[in-house]
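Visitor: Structure incoming, see below.
The values are calculated or read from the model by the stated rules, or taken from the named source; none is laboratory data. Nothing here was measured: the structure is a model prediction, and the numbers come from that model. Cβ sites come from the backbone with ideal geometry, for glycine too, and all protein chains shown count toward neighbours. Please note that ligands, DNA and RNA were not included when accessible areas were found on the heavy atoms of the full protein model with its side chains. Shrake-Rupley method; radii C 1.70, N 1.55, O 1.52, S 1.80 Å.
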Amino acid sequence: MARDAAAEAFARAAPPGSSLDCALRTAPRAARADLLAVAAYAGEIRRIPAEASEPSVARSRLQWWRAEHLRMLDGGG
């Protein structure tokens with residue numbers, strides 16, 4: 001994900017004053033970035049059905065995220 005897209009996903013996941021924003025403030029500082037990344041990833045996956053114009057588009061987006069997730073797990077960060 002491009003840096004700007006990642007920043008947008010993070011902002012959508014935990015807007016100021018949201019329950020996630022408040023929860024992240026109480027999490028250990030070292031874990032906050034990772035927790036936010038997981039929340040942003042989950043949010044992007046949840047948005048696919050609402051934003052895709054056709055089922056094939058939704059499947060393609062989901063497949064792209066699946067491939068990115070596997071790449072990251074393999075250390076391709």
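Visitor: Show me the helices (runs of 4 or more DSSP H) found entirely inside the chain where at least 3 residues are among the charged types (D, E, K, R).
Guide: 3-13, 29-51, 55-73
Visitor: Would you mind telling me which numbered condition in (1) within 16 Å of ALA6 (Cβ to Cβ); (2) open to solvent by 60 Å² or more (accessible area, probe 1.4 Å) GLU54 fails?
Guide: Failed condition: (1).
Visitor: Given the conditions (1) surrounded by 11 or more Cβ atoms within 10 Å (Cβ to Cβ); (2) at pLDDT 90 or above, and given that ALA7 satisfies all but one, which numbered condition is not satisfied?
Guide: Answer for ALA7: the failing condition is (2).
Visitor: For GLU44, are the conditions met, namely being in contact (Cβ under 8 Å) with a residue 60 or more places away in the chain and either surrounded by 12 or more Cβ atoms within 10 Å (Cβ to Cβ) or hydrophobic (A, V, I, L, M, F, W, C) (or both)?
Guide: Criteria not met by GLU44.
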